[in-house]
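FYI, it's all coordinate maths here, none of it is from the lab. This one's a predicted model, so the numbers in the text were calculated from it and none came from an experiment. Glycine gets a Cβ as well: all are built from the backbone with ideal geometry, and neighbour counts include every protein chain shown.
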Amino acid sequence: MTRHGIAWRAGLSLAALLLVSSCASVRTGEKIEDYRDDVSRLENILQINPQNAEALRDLGVISFRTGQYPRAKDLLKRAIALNIRDAKTLFHYGMALEQENDTQGALAAYITYTDYSVFSAYRRLLEGRYHALTKELIRAQFKTLITQELLLTDADAAPNTVAVFPLLYSGGPAKYAALGKGLSELFITDLGQVASLRLVERIRVQELVDELQLSNSALVDTATAPRLGRLMKAGQIVAGSFNVSPDDVLLLNVQSGSVQRGKPGASFARKDDLSKLFRLQKDAVFDLLGRLGIDITPAERDRIARNPTANVQAFTLYSIGLEKEDVRDFLGARAYYQEAVALDKNFQLAAKRAEMMDALIQAGTKEKAMASSREIESRSGRFPVDALVTTRMMTLMSNAGIYPLNGSDERAAPSDAYRAPAPILTLREPPPPPIR
């Protein structure tokens, strides 16, 4: 094909792009005219080499930013097929799927964030959108489930599924009130080590409590707890209370109950010095397992016996971080998680949650995610646009509390990848491939 032919076809494609853009809903305020030169350049590249993954990606990103989501999805899908290693392509593909309300497809793209190096700038955005979208999906699921509550029966609750509610603080210094959330998370983590049990993730419990606008005291009510168990399809529920005296004596009261039987079982009630918090919590776990009639293996016992930290003060800060996270104060949560790590450098649970908060700060909403993406690109020199658009995006980033990101955008080799499981929850498995 001649150079004139290439230019003519590229011009037609650009004209079509301009026509579609005039009918699209543009949320960022960007117009295709802002990218006229870039579109022409990229179209020329693709005329010469239709298999150029980077050109497909960049044209797909432009299409996304100018509101042409179906075209963006198609271009980015083709780019992924040619280069699955590029996190930037996958991020924008997921965002395009979100715009078309394909939640499961977007989750399937975002959940692969663990395949990318921790040094990847776009890994954080993938992670942030995964966690944010997961929370939205859980909230929507419970809204639907509550409308169908009358159809639920005790038989719907799986006997081996356990829901742990936040422990109620029944008195003592206010600074220890948050320990209820931290302790409930420890119970979930420990009981989750038993292969025969399935644990309802803490975020699901919290979202349901928020949706029903229940007080903490309702969680230990013998009438309320079975209802929540049915809504979460949990056959067993664990609830309780604790207090800390002015002289730092901890009283822990935990009980389990069967949803089918509709009444709580015997409770574990014991007190000890607050410094013995972790030993007391482990004793309660083993007591619960005994009451449930569950035999555990030596390996399971060893895993349960491990503590994420031995520092009660660090754990208290971590628990406050959980409180902040539950009310969507991700900046505040990150600060408390980081303080917990400062007190105990080996507190990996707090370190991972601090990273998660980073991701949610960067990409907790689609607007923040796009602003963060623009900040990444501002250092690479891609897609120069007029000063008005740049100023608008920088203002959006500032208002959203966006901070610079650095690092490689490519998928890490298996030996270098951070492959810890997604730390928030286990949803229904998304579609296997990220490309539909």
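Numerical summary
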{"item": "Stokes-Einstein D for the stretch 121-202, Kirkwood Rh over Cα pairs, 20 °C, 1.002 mPa s (µm²/s)", "result": "136 µm²/s"}
{"item": "Radius of gyration and maximum dimension Dmax of the stretch 152-307, Cα, Å", "result": "14.8, 46"}
{"item": "Listed residue pairs exceeding 26 Å between alpha carbons, taken from Lys324/Lys345; Lys31/Lys368; Lys345/Lys368", "result": "Lys345/Lys368"}
{"item": "R0 of 30 Å, Cβ-Cβ distance Phe286-Leu214: FRET efficiency to nearest 0.05", "result": "0.55"}
{"item": "Cα-based equivalent ellipsoid, the stretch 22-146: semi-axes from gyration tensor eigenvalues, Å", "result": "27, 18, 12"}
{"item": "Gained length - Ile48 relative to Ala310, 0.36 nm times residue gap less alpha-carbon distance", "result": "88.1 nm"}
{"item": "Computed Kirkwood radius, in angstrom, where 1/r is averaged over Cα pairs of the stretch 286-337", "result": "13.2 Å"}
{"item": "Inter-probe distance in nm under a simple model that places probes 7 Å from Cα toward Cβ, at Asp248 and Asp37", "result": "6.6 nm"}
{"item": "Neighbour-limited loop hits for chymotrypsin sites (Phe, Trp or Tyr not before Pro), the stretch 35-123 (at most 16 other Cβ within 10 Å; DSSP other than H, G, I, E, B)", "result": "Phe119"}
{"item": "Förster-model FRET efficiency, 41 Å R0, Asp302 and Ala81, C-beta, rounded to 0.05", "result": "0.35"}
{"item": "5 angstrom amide H check on Ala158, placed H, neighbours 5+ away", "result": "Ala234, Gly235"}
{"item": "Extended-chain gain in nm, criterion 0.36 nm per residue less alpha-carbon gap, Arg279 and Arg139", "result": "46.9 nm"}
{"item": "Simple label model, 7 Å out from Cα along Cβ direction - Ala269 to Phe119, nm", "result": "5.7 nm"}
